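Undergrad: Sending over a structure as structure tokens; questions will come in a sec.
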Amino acid sequence: MSPDPHLPFTRRSFIAHGATLASLAATIPAFIHRSAFGLMIPQGVTPGSAPGFAEDRILVVLQLGGGNDGLNTVVPYGMDDYYKARPQLAVPVAGEVNGAITLPGNSTVGLHPAMTQMRELLDEGRLAIVQGVGYPNPNRSHFTSMDIWHTANTDAQGDGWIGKYFDCTCNGTPVPEGAIAIGRSAPLAMSGRIQKPVAFENAQLFRWMGADDDERLAANYERITRAGVLPGSGSVGAESQSGFLMRTALDAQLASDRIRGALGKRPLVEYPQHQLAKHLQAIGSMIRDGMPTRVYYASLGGFDTHAGQQGTHANLLRQVSESLRAFQRDLDAQGNAGRVLTMVFSEFGRRVRQNASGGTDHGTAAPMFLIGPMVNAGLHGEHPSLNSLDNGDLRFGTDFRSVYASILEDWMRTPSSPILGAAFEKARILRAGA
Amino acid sequence: MIPSTPQTRQSRPDAAGPLAQLSPASWDLSATLHLVNRAGFGGTPQQIRTMHDLGLQACVDYLVDYETVPPLPETAAGFRSDIRRPPTEEERAEQRRARVENDEAAIGRLQAARNQSDREDREQNDEMRKWWLKRMIETPRPLEEKMTLFWHGHFASGNRTVQDSYHMLVQNQLLRRHATGSFAELAYRIIRDPAMLKYLDADDNRKRSPNENLARELMELFVLGEGRGYSEADIKEGARALTGFTFRDDSFEFRDSDHDDGEKSILGRSGSHHGDDFVRILLSQRACSEFVCGKLYRFFVDDSPVPASPAAPAVIAAMAAQLRAQQYQLKPVLRSLFQSAHFYDPRVRGSVIKSPVQLVAQAVRGLQAHPRSLATLASGLEFMGQDLFQPPSVKGWDGGRAWINTSTMFIRQNVMVLLITGRQADFDESSNAEQTWDPSHLVTDASGAQLPPKQAIDALLEFCLSVPPHADRRAELAAFLNDYGNRIDRGSLLRMLGLISAMPEYQLC
């Protein structure tokens, strides 16, 4: 073993020598240089004060997988056609038992009764509801439509929009944990050409245990994880399967300690017990720890309610509502609420007419939620018409890429056209000066 | 139902062309190891030597014509078929009565019975995961299990939706029975499979209220592939053709009264199509063979984002042509592929990322690592993204690089730590750490004599890695062994295997 004399043997010295590594930038692949650099940011210092991070703003994306029934989420209880199309499934008129929750200054549209805490967020000026969000020629395949939302491209091709954001700023991601997804797989949205997200579901499994019986092996493991990706005679083609695996292994090692440290602390507020709440709690803990992560991703599945929708859907919406509320409370307690914008979306809504199985089939336009004190609270756009349908489906009023454009430009302070592939008119979802 | 054509052995590939046969001179131990890993779940060094001595053709025949190998004793008989039995007439009457009379005690009893059945079904599902994983580890017919796994990812159904583990077992046995038979027959049978019919809401697909789910996935994911020349209108018409296809208890049932017998037009063909006509029309499309062979290629040859060999499209086209010529019989295609020079091209070696099942089964079969706890391994598969009987969606598993992220990388490495050392990553059940395992058989020569340190390191790396080791790997292990006093014993072998399994390229097959 004759390592390059410039390269330290252990990760600890690897971090300590980050400055040395940075000075070798010309010969070190960009991502590893930045990996070392990113880890130099001391804990407790917000990213805003570290070079390479112009802003300390964070985006949290919550994906509702399976196609959330938008009509029973933001309920048009003032429209007769809603009750005609859904004789059993419609949410009763506001004021009736289990009726829709009203919204201030509006007598036609309300919230599903399971979402009381969303109404509280609205009252606090923290909830923006964008109605009728979709895209032209809607695709009703879960996978394709999800890919369309993830790539911000109606061909469903290419890299993820958040991945492209990282690729377009800072010459690619500055740190492996720049984007973190809580879940078993990394969403396409966060995957760019350079940027690859960290993804995990259980942080305790997020380390190698092979040296637990023999600590000496840790040094061998560190070298194994670094070899091949560092420059030199033995470096492996970046596009090869081996190159891909080696980069991922190194990213994993670099991110592991930091994340486990952040999640080890008790949260400042109580979260509900269900899984989505636990995932948002983990995100809250990482934000509190001052991790340099700009985008977090969480998801909840089960919205594909083809049959027996009523109870299932109410339960899901309750989880969403409770978790998001607890998350805002946590951010308040930390003093970080103003730094964090949360976006909630699903790949499509559902058909207007209920089906014969007490459920709804794949549809088109649906509402999005944006949450945080920086939003322009209230309803945005018009509720889609129920008597001017396109083959039984709602017509969209706002292209989802207008929402992305607003987030990218007004929140992340990045030109949106290079990421979205075209100029989209920004939805006015953030307060002026936010 | 199409008649199954008799087994054909005449289809030895042409000397030239994309599937030209491997020259006998190239059939070495490394090629044998590649075949046994790819067409199955690996084998011990001794098994690889035995397979090598058979020669290419006999070795491929041995793997492909597995019916000649005695099967494992059937162990699925112990699973219960009655956990989700439909209620009897009396029970239904009791349910109605309890609801009408608002008899809370009776409603509570019914709910408790339902909860009990939910629990038993989940437990049986867990047992089935262990049963199948064990089968894949122990089978003397590896290609049979490997293709069953392929079809589970292709005709994907999951028990969280099906909620009847016995139906999942029935589907698993269907996929196994036809694993290397006729794709056409599989397609006809899958639209009669209770688990699939439940999974894709066929029960709700009725004349007056068509449900498009099964029709859509037949076109998009099962037979043609997404975007291959069909329209939304074809899906709607296909759904009408499939109306009435449902199941009662454990059997397929065609309900005439729910079937829409009207005129339909699917992919330009008009008629009063029935579900089988729909499948027949799809099978008549050229896109079908290309789609299926493209997936077989990704599964067996190369799942890189960009194919490692420029010959890939021509090889897939040749496989598809053969599949069509053989009326969708799969064996001739697999036989040609496994004998082809392309299959052994250095560019496609190590170009498949091990599925979680492959990682685990190959470690136990090849290294002879102690399996520790099947329950732990089955949970491990779930954490690594391959929960048996519960693919993430009807799209199955994406495979390739989608298996790998920073999280699954650690879990993969830790599952190997468990297999090698018995040390437990926190999955769900305590493992049997006392079970010791001696890997010394990995570092012996053909005569059984122990190899000296340098050759032992080479043997381990060549056996464990599917790509030539990175330049530093030998040096790293040599440095470790040097610190260990250059002793080849159980302790040093376990540590070296731990390090090898943590090498990123260990994830390649």
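Undergrad: Taking the stated definitions as given, is A:MET368 aliphatic (A, V, I, L, M), closer than 21 Å to A:VAL320 by Cβ and either under 19 Å from the mean Cα position of the chain (by Cα) or not assigned by TED's automatic domain parsing to the domain that holds A:ARG193 (or both)?
TA: Taking the combined requirement at face value, the residue satisfies it.
Undergrad: Restricting attention to the range B:426-435, does a residue exist that is in a loop (DSSP other than H, G, I, E, B) and at pLDDT 85 or above?
TA: So far as the range B:426-435 goes, no, none of its residues is in a loop (DSSP other than H, G, I, E, B) and at pLDDT 85 or above.
Undergrad: In the set B:ARG160, B:ARG216, which member is surrounded by 20 or more Cβ atoms within 10 Å (Cβ to Cβ), in a helix (DSSP H, G or I) and within 11 Å of chain A (Cβ to nearest Cβ)?
TA: From the options B:ARG160, B:ARG216, the qualifying one is B:ARG216.
Undergrad: Of these, A:GLY78, A:GLY95, A:GLY110, which one is more than 24 Å from A:ASP393 (Cα to Cα), without any contact (Cβ under 8 Å) to a residue 60 or more places away in the chain and among the small types (Gly, Ala, Ser)?
TA: So the residue among A:GLY78, A:GLY95, A:GLY110 that is more than 24 Å from A:ASP393 (Cα to Cα), without any contact (Cβ under 8 Å) to a residue 60 or more places away in the chain and among the small types (Gly, Ala, Ser) is A:GLY95.
Undergrad: Now a separate question. Regarding the range B:331-339, can at least one residue be identified that is outside any helix (DSSP H, G or I), more than 14 Å from every other protein chain (Cβ to nearest Cβ) and at negative phi?
TA: no
Undergrad: Considering only residues that are outside any helix (DSSP H, G or I), in contact (Cβ under 8 Å) with a residue 24 or more places away in the chain and more than 23 Å from the chain's Cα centre (by Cα), which ones fall in the range B:274-301?
TA: Answer for the range B:274-301, where residues must be outside any helix (DSSP H, G or I), in contact (Cβ under 8 Å) with a residue 24 or more places away in the chain and more than 23 Å from the chain's Cα centre (by Cα): B:HIS274, B:GLN285.
Undergrad: Run B:SER304 past the list (1) more than 19 Å from B:HIS154 (Cα to Cα); (2) not in a helix (DSSP H, G or I) and report the number of the one that doesn't hold.
TA: Among (1) more than 19 Å from B:HIS154 (Cα to Cα); (2) not in a helix (DSSP H, G or I), the lone unmet condition for B:SER304 is (1).
Undergrad: Let me ask something else about it. List the strands (runs of 3 or more DSSP E) that sit entirely inside the range A:56-157 and contain at least 1 residues that are under 21 Å from the mean Cα position of the chain (by Cα) and more than 14 Å from every other protein chain (Cβ to nearest Cβ).
TA: In the range A:56-157, A:58-64, A:127-134 are the strands (runs of 3 or more DSSP E) which contain 1 or more residues that are under 21 Å from the mean Cα position of the chain (by Cα) and more than 14 Å from every other protein chain (Cβ to nearest Cβ).
Undergrad: A follow-up question, please. Scan the range A:143-151 and tell me whether some residue there is under 21 Å from A:ARG401 (Cα atoms) and either at pLDDT below 80 or not assigned by TED's automatic domain parsing to the domain that holds A:PRO76 (or both).
TA: yes
Undergrad: Scan the range B:340-380 for residues that are in a loop (DSSP other than H, G, I, E, B), of a type in the set (D, E, K, R) and at negative phi and report the count.
TA: Of the residues in that region, 3 qualify.
Undergrad: Please indicate, with yes or no, whether at least one residue in the range B:144-154 is farther than 30 Å from B:ALA325 by Cα and assigned to a helix (DSSP H, G or I).
TA: no
Undergrad: Against the condition at pLDDT below 95, over 13 Å from B:MET196 (Cα atoms) and surrounded by fewer than 22 Cβ atoms within 10 Å (Cβ to Cβ), how does B:ARG176 come out, does it pass?
TA: no
Undergrad: May I ask you to verify whether A:LEU217 is at pLDDT 80 or above, surrounded by fewer than 24 Cβ atoms within 10 Å (Cβ to Cβ) and more than 7 Å from every other protein chain (Cβ to nearest Cβ)?
TA: no
Undergrad: Given the conditions (1) without any contact (Cβ under 8 Å) to a residue 12 or more places away in the chain; (2) crowded, with 24+ Cβ neighbours inside 10 Å; (3) of a type in the set (S, T, N, Q), and given that A:THR293 satisfies all but one, which numbered condition is not satisfied?
TA: (1)
Undergrad: Answer yes if at least one residue in the range B:397-406 is buried (at least 21 other Cβ atoms within 10 Å of the Cβ), more than 28 Å from B:GLU226 (Cβ to Cβ), of a type in the set (S, T, N, Q) and modelled with pLDDT under 95, and no otherwise.
TA: yes
Undergrad: Determine which single condition B:SER209 fails, assuming it passes every other condition in (1) at positive phi; (2) of a type in the set (S, T, N, Q); (3) free of Cβ contacts under 8 Å to residues at least 12 places away in the same chain.
TA: Here B:SER209 clears every test but (1).
Undergrad: Pull up the range B:393-418, narrow it to residues that are among the aliphatic types (A, V, I, L, M) and not in a helix (DSSP H, G or I), then point me to the one that is nearest to the other protein chains (Cβ to nearest Cβ).
TA: Looking at the filtered set, the residue picked out is B:ILE404.
Undergrad: Give the residues of the range B:381-392 that are among the hydrophobic types (A, V, I, L, M, F, W, C), within 10 Å of another protein chain (Cβ to nearest Cβ) and outside any loop (DSSP other than H, G, I, E, B), sorted by residue number.
TA: B:PHE383
Undergrad: Does the range A:191-201 hold any residues that are at the interface with another protein chain (Cβ under 10 Å from one of its Cβ atoms) and of a type outside the set (Val, Ile, Thr), and which are they?
TA: Answer for the range A:191-201, where residues must be at the interface with another protein chain (Cβ under 10 Å from one of its Cβ atoms) and of a type outside the set (Val, Ile, Thr): A:SER191, A:LYS196, A:PRO197, A:ALA199, A:PHE200, A:GLU201.
The values are calculated or read from the model by the stated rules, or taken from the named source; none is laboratory data. All figures in this text were calculated on a predicted structure; none of them were measured in a lab. Neighbour counts are summed over all protein chains in view; Cβ atoms, including those assigned to glycine, are modelled from backbone coordinates with ideal geometry.
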